[in-house]
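What follows draws every value from the coordinates through simple rules; no lab data is involved. Given the structure is predicted, the values throughout are model-derived calculations rather than measurements. Cβ sites come from the backbone with ideal geometry, for glycine too, and all protein chains shown count toward neighbours.
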Amino acid sequence: MSGKLEKTDIKQSVMNIGTLGHIDHGKTSLTRAITHIWTDKHSESLKRNMTIKLGYADAIIRKCPKCAGAAAYTTEEKCKNCESASVPLMRVSLLDAPGHETLMATAIAGSSVIDAILFVIAANEPCPMQQTREHLMIINLLGIKNVIIVQSKVDIVGKEGAIKHYMQIKEFVKGSSIENAPVIPVMTNQGVNVDVLLEMIAELPRPERDLKSDPIMYVVRSFDINKPGSKLSSFSGGVIGGSLKKGVLKIGDKIELRPGANFEEPGSKKQSYRNIVTVITGISNGSDMMDEAMPGGLIGISTEIDPAFVKSDSLVGNLVGHVGKLPESTSLLKIAYYPIDRKDIPSQKIKEYEPLLMGIGTATVIGYAKTIKKSTVEVELKNPVCAEKGARIAVLRNASKRWRLAGYGIID
């Protein structure tokens, strides 16, 4: 990021950055400090004062052409130091994942579309807390290398307390895949060191993108944008939000969603999942309309889907692609299972008919171990999923009446 600054195309985010960490360690506050958006918009999240669903917001990282070092980095159009006009460098999408242990499946779902992570660890509590430990397991499990550790709430503990806590962090990550990750102390409520964090994000290696393959998009959210009381003649189709893994989607493309939605069979009360075929009528990055979308960042796609099928995030977990180009939906998965070493899960061996909670792409489903042969487990799912062969999935087991991350599987 040195040398002459040039304006770049900032309509498409270049990467998805997730925030992980223990409950109430400041993930949502950090997201707001960077994007100026409070992502806990879901009514239940506001009521319970914690993130329930995945929240996301975009930020444009900019740089002052006159200032030097981290002080030059900002998300404002004018530099706070010299008031010069800042130059946009890149757009990034931030994905705010829940930290509470009962919502681990949602955090795992979010991690499937993440390129980099801000691992938030609050200085006013000992390190590690329970979800701090479990989120490090997710980072190790998914093999995410681009991680910045954010030491939050340092203003509460003072300089000596922050240094002591920093040593706890370094001891905690020792031997893990992020042992050498930078640790940045911040005060989000005062904006201290946010510019340092922006500089480090701007210097992260940008992921390589596959633009030639058939498109595959993970659905993270789905919306009905019609206001109550709207006339039927003015209704708009449903909106799906998510991230492209590969390929390109354009306005006018005929697309398919798998496993689709749960339809009631005509003449009976029996329900079954059916693929949804629709047309892309609009593409948005949240603030601007686009003609096409490429991998990187979170996008919203307007469709002709009946709004009844998209409300309350009911299509989360679907894959989107061109018609006939996606893997077949299935309720039976064969996986190679790899347990992780956890002291709070007594037996690492999965038993037949044991219930499992599985994070498959952005889908979170309950399954039962049908057959077990050595490290291969055949899992019967309660609801069908669409997943690529070779995909890595998270496996949670019920221990002491709580779902615990127990290992990962590779789809055969």
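Remark: for residue pairs 325/382; 145/254; 245/351; 212/389; 145/212, the C-alpha separation exceeds 28 Å in 145/254; 245/351. Close amide H pairs (under 5 Å, H built 1.01 Å from N) link residue 86 with 78, 79, residues at least 5 positions away or on another chain. For the pair residue 270 and residue 156, the difference between a 0.36 nm per residue extended length and the Cα-Cα distance amounts to 35.4 nm.
When you count the other C-beta atoms within 10 angstrom of each residue and take the mean per peptide, 312-325, 388-401, 361-374 line up highest first as 312-325, 361-374, 388-401. For residue 231, a cut-off of 21 angstrom between C-alpha atoms picks up these lysines, skipping any fewer than 8 places away in its own chain: 311. Summing +1 for each Lys or Arg and -1 for each Asp or Glu among the other residues whose beta-carbon sits under 12 angstrom from that of residue 357 gives +3. Based on the reciprocal of the average 1/r between different C-alpha atoms, the Kirkwood radius for the chain equals 22.4 Å. Quick one: which residues, 5 or more positions from residue 58 or on another chain, have an amide H under 5 Å from its amide H? H modelled 1.01 Å from N in the peptide plane, none for Pro or chain starts. Counting only residues 5 or more places away or on other chains, the set is 94. Taking a label point 7 Å from the Cα of residue 206 along the Cα→Cβ vector, which residues of the stretch 59-79 have an amide N closer than 13 Å to it? Only 61 pass the distance filter. Annotation: amide H of residue 360 within the under-5 Å range of 365, sequence separation 5 or more or interchain, hydrogens built in the peptide plane. Gain on full extension, evaluated as 0.36 nm per residue between residue 332 and residue 279 minus their Cα-Cα distance, stands at 16.1 nm.
If you wrap the stretch 162-289 in the convex hull of its Cα atoms and look at it from every side, the mean projected area works out to 15.1 nm².
A viscosity of 1.567 mPa s and a temperature of 4 °C, combined with the Kirkwood radius over C-alpha pairs in the Stokes-Einstein formula, give the stretch 330-411 a diffusion coefficient of 104 µm²/s. Within the same chain, lysines fewer than 8 places from residue 80 are excluded, and of the rest, those with a Cα less than 19 Å from its Cα are 63, 66.
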